[in-house]
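To start, the structure itself, in structure tokens.
Read the figures in this text as sums done on the coordinates, not as results from a lab. Because the structure is predicted, anything quoted here is derived from the model rather than measured. Cβ coordinates were reconstructed from backbone atoms using ideal geometry, including for glycine residues, and neighbour counts include every protein chain displayed.
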């Protein structure tokens with residue numbers, strides 16, 4: 001079942017606790033429904049793994065917040081080591097799920113696999129020295145490396161290799177996480193989180209409701225008090241599957257549902273995220289997008305396509321193909337009064353995110369004026 005299907009089933013199951021959670025979500029949003037001066041209120045949506053939590057951490061940086069290394073050091077070390085543990089577990093679990101299955105190059109390492117997977121359910125793992133020894137030996141096993149190189153078939157975490165390559169640093173007794181280490185950590189965001197920040201003297205208030213992938217009548221009413229939706233997509237997920245559904249196709253399906261249910265007129269900021277990972281995948285040439293989206297073979301890069309400095313034409317063509325898949329939905333969705341503004345993003349890149357919000361500010365202002373003009377027209381008609 002797809003992520004969209006899972007959430008829809010949750011909505012229909014009638015569980016009292018789930019209904020109470022949703023009611024609480026709606027109450028919190030209604031309490032904040034009034035506009036607070038020239039502040040652009042943004043609702044952040046997107047499938048799981050699209051980069052919402054990373055964007056949230058970058059937004060905290062934009063508002064001047066920093067991680068307190070002195071008071072939170074132990075907690076941050078635990079986060080990074082948990083990410084390392086999760087990374088190696090994902091690779092080892094994938095070995096048996098791939099077709100054909102991946103095998104250890106050195107069968108004598110099987111006891112190390114058993115040790116790692118045997119600790120999966122330990123809630124307060126202490127990370128003894130032998131844990132790091134086992135990871136290091138397994139990461140040097142050619143069979144494990146081969147499995148990782150086929151990771152797209154299993155939809156592994158994007159940052160698994162980052163942590164596995166840093167095993168010798170992370171294992172040190174007095175290890176201090178770098179900002180990059182912390183941003184690479186996969187965090188489980190709360191059901192509702194928000195942040196206020198400023199870019200180029202323009203105020204933003206971004207709110208994310210974790211698990212909200214579609215817009216129903218209640219949300220459509222609430223959205224009238226928001227300037228725009230940010231819809232995030234993992235652009236590099238074109239070759240990944242979850243429960244039999246292609247992850248990029250899943251994002252397209254969710255976007256189509258969202259676009260058809262937005263109040264009119266409306267503004268959707270389409271963040272085509274993880275451009276760095278998309279470029280790596282395209283240039284590696286091991287996983288071709290036309291194997292998953294055959295129409296790519298006939299796609300021509302638009303004449304007005306803007307490439308990044310030094311960007312390979314293959315990367316430009318791929319990212320604009322993905323962009324146009326979403327824009328085709330917007331143009332054919334029967335919502336001609338609304339606007340979809342695509343942005344190529346890398347939530348890990350501080351400058352990129354700052355530039356994107358700078359570019360979005362005038363678009364949002366135009367959207368606000370357009371909606372105000374429409375309301376005035378309706379009042380006088």
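Normalised by the empirical 2.2 N^0.38 Å for globular proteins, what value does the Cα Rg of the range 70-184 take? Write down the numbers at each step before the final one.
Working: Rg = 14.0 Å, N = 115, 2.2 N^0.38 = 13.4 Å.
Taking N as the residue count of the range 70-184, the ratio is 1.05.
Could you work out Rg/(2.2 N^0.38 Å) for the range 232-301, with Rg from alpha carbons only? Provide the component values of the computation, followed by the final result.
Working: Rg = 13.8 Å, N = 70, 2.2 N^0.38 = 11.1 Å.
Its radius of gyration relative to the 2.2 N^0.38 Å reference: 1.25.
Can you compute the radius of gyration and Dmax for the range 223-372, using only the Cα atoms, both in Å?
Every Cα atom of the range 223-372 included, Rg and Dmax give 15.7, 50 Å.
Pull out the extension gain between residue 168 and residue 366, defined as 0.36 nm times the separation in residues minus the alpha carbon to alpha carbon distance; nm, one decimal.
Values: separation 198, 0.36 × 198 = 71.28 nm, distance 5.10 nm.
Gain in length upon complete extension: 66.2 nm.
Assuming R0 = 25 Å, can you tell me the calculated FRET efficiency for the pair residue 286 and residue 97, based on Cβ-Cβ distance, to the nearest 0.05? Write out the running numbers ahead of the final one.
Details: r = 18 Å, r/R0 = 0.73.
Efficiency, rounded to the nearest 0.05: 0.85.
Can you compute the modelled spin-label distance between residue 196 and residue 349, with each label point 7 Å from Cα toward Cβ, in nm?
3.1 nm
Only Cα pairs under 8 Å and at least 6 apart count here; give the relative contact order of the range 70-184 as a rounded whole percent. If you can, show how the numbers build up before the last one.
Details: 96 pairs, mean separation 49.9, N = 115.
Across the range 70-184, relative contact order equals 43 percent.
Just to verify a number: FRET efficiency for residue 124 and residue 303, C-beta to C-beta distance, R0 = 51 Å, to 0.05?
On the way: r = 58 Å, r/R0 = 1.13.
Once the sixth-power term is evaluated, E becomes 0.30.
Give the calculated FRET efficiency between residue 311 and residue 149 to the nearest 0.05, with a Förster radius of 22 Å applied to their Cβ-Cβ distance. Kindly include the intermediate steps, with their values, before the conclusion.
On the way: r = 24 Å, r/R0 = 1.09.
The formula returns an efficiency of 0.35 here.
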